[in-house]
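Here the structure comes first, spelled out in structure tokens, and everything after it is commentary.
Rule-based calculations on the coordinates, nothing more; no lab input. Because the structure is predicted, anything quoted here is derived from the model rather than measured. When we count neighbours, we look across all protein chains shown, and the Cβ atoms used for this are built from the backbone with ideal geometry, even at glycine.
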Amino acid sequence: MAATKDGDNRKFGFSTRAIHHGYDPSSEHGALTPPIFMTSTYAFESAEAGGEMFRGERPGYVYGRTRNPTQALLEERIASLEGGEAALALATGMGAITATMWTLLSAGDQVVLDHTVYGNTFSFFTHGLPRFGVDVRLADLTDPANLEAVITDKTKVVFFETPANPNLRVIDIAAIAAIARAHGALTVVDNTFSTPALQRPLAHGADLVVHSATKFLGGHGDLLAGLLVGPADTVHQVRQHGLRYLTGATLSPMAAFLIMRGLKTLEIRMARHSESAMRIADTLAGHRAIASLSYPWREDFAQRDVARRQMSGGGGLLAFELKGGMTAGLAFMNHVDLVTRAVSLGDSETLVQHPASMTHSSYSAEERAEHGLSDGLVRLSVGLENVEDLLDDIGGALDAAT
Ligand SMILES: *Cc1c(COP(=O)(O)O)cnc(C)c1O
């Protein structure tokens, strides 16, 4: 598939690019599968050539912290799938988020953060960055008017997830990006929950996309990784500063290879995750133990119109609130059998977590209420198992939580 090497990827569909983009087997002895370059450093042809590479005057690989050919192929592929100019692979999702922010921000700058995001993202922005003089303001970005109320000309970055942890609030990417742009701020979207198979934030006006590739992109629960996608100059800055010396959060070539293996099935996996999650959401919605349920593709989802405008499927995550609060939440968790009690998401295995006793247990009850995280809230990451088996297991646990 040498034609994909020239960068003209528009004529190929999503899965074709996820499988072939950027790789020509004839360049690697005909190997169907791209090789894994397990090397920390690279030999220079001559002293002069080494010097030129160091000064950025000659292309080539210098040292593995900033570039590796296996990682470079992954970067080309994810950039193509997200519709971005360039990409950078990093060791974890937190590595991608922090390397990007350390590069973009300085003391005195302001950031607007959606008020409910992944727990460690929240800690980085609200506890980490302020120690270095960055002013971080929280806003509920499900209503763009809330951004208008806090944004100033010192705001450099507006950051959010959509759908957002853990209760799947959906944020209007185009509306937020338009306000941010008018104030000279960059919009950075964490696209972990949807992946580019279901949502491409850059097409809706976002400037940068970050991922925890640990989740759906890797897809098999066997690695940690992060990705950044956006304009080539910004990505280059993050590689040269955020990755090279501000974090050193380099992805291993082996993990880069495993993500590419995951990408080959991303589109069909996301379709199956979405189909099963929808089926489970529809079955659970009327259950007597459940007070409310959030799934972006359901008719009764509050931001249904925004979801349909910017996503092409509901994804694998759904959240529901048990009427019985903490007691019911714990009972549900303890009565699942096939479904696995675990944080993380996006794996073949269906995973369940209870924010009040797990990821958000360090919040006070009042803080949880403020973030819309009730004691009976349960989050499911619907896997790829037989959906009837999942419904049996979840149904049994719900009976125990009634
Ligand atoms: C897991 C996750 C992260 C952090 O990613 P790691 O790979 O665990 O560092 C960031 N954002 C979201 C939405 C996540 O689910």
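With +1 on the Cβ of every Lys and Arg and -1 on the Cβ of every Asp and Glu, and nothing else charged, how large is the dipole of the range 1-101 about its Cα centre, in debye rounded to the nearest 20?
Dipole size: approximately 260 debye.
Report the residue, chosen from Met260, Met38, Met94, that carries the largest GNM mean-square fluctuation when the chain is represented by alpha-carbon nodes joined by springs under 10 Å.
Met38
If you average the alpha carbon positions of the range 246-312 and of the range 118-195, how far apart do those two centres end up, in angstrom?
Taking the Cα centre of the range 118-195 as reference, the centre of the range 246-312 is 20 Å away.
What number, in percent, do you get for the relative contact order of the range 1-119 if the mean sequence gap of Cα pairs under 8 Å and at least 6 apart is divided by its residue count? If you can, show how the numbers build up before the last one.
Numbers: 84 pairs, mean separation 23.6, N = 119.
Reported as a whole number, the value is 20 percent.
GluC sites (Glu not before Pro), restricted to the range 40-72: which are DSSP loop and have at most 16 other Cβ atoms within 10 Å?
Here the sparse-neighbourhood loop sites are Glu45, Glu57.
Running a GNM on the chain with Cα contacts under 10 Å, which residue among Val111, Val343, Val158 ends up with the highest mean-square fluctuation?
Per the Cα network of the chain with a 10 Å cutoff, Val343 tops the list.
Top mean-square fluctuation among Leu391, Leu318, Leu202, Gaussian network model of the chain, C-alpha springs under 10 Å?
Sorting by GNM fluctuation, first place goes to Leu391.
Whole Å is fine, so just give me how far the alpha carbon centre of the range 49-69 lies from that of the range 366-402.
Using only Cα atoms to place each centre, the spacing works out to 49 Å.
How high is the relative contact order of the range 267-400, in percent, with contacts defined as C-alpha pairs under 8 Å that are six or more residues apart?
Computed value for the range 267-400: 29 percent relative contact order.
Straight-line reach only, C-alpha to C-alpha below 19 angstrom: list the lysines that Lys215 could link to, leaving out same-chain residues fewer than 8 apart.
Result set, ordered by chain and number: Lys264.
Using alpha-carbon pairs under 8 Å, 6+ residues apart, how would you state the relative contact order of the chain in percent?
16
Quick one: net charge of Ser364's neighbours, Cβ under 13 Å, K/R +1, D/E -1?
Computed value for this residue: -3.
Can you compute the helix-only [θ] at 222 nm over the chain? Use -39500 (n - 2.57) per DSSP H run of at least 4 residues, normalise by all residues, nearest 500 deg cm²/dmol.
The helix-only estimate for the chain comes to -10000 deg cm²/dmol at 222 nm.
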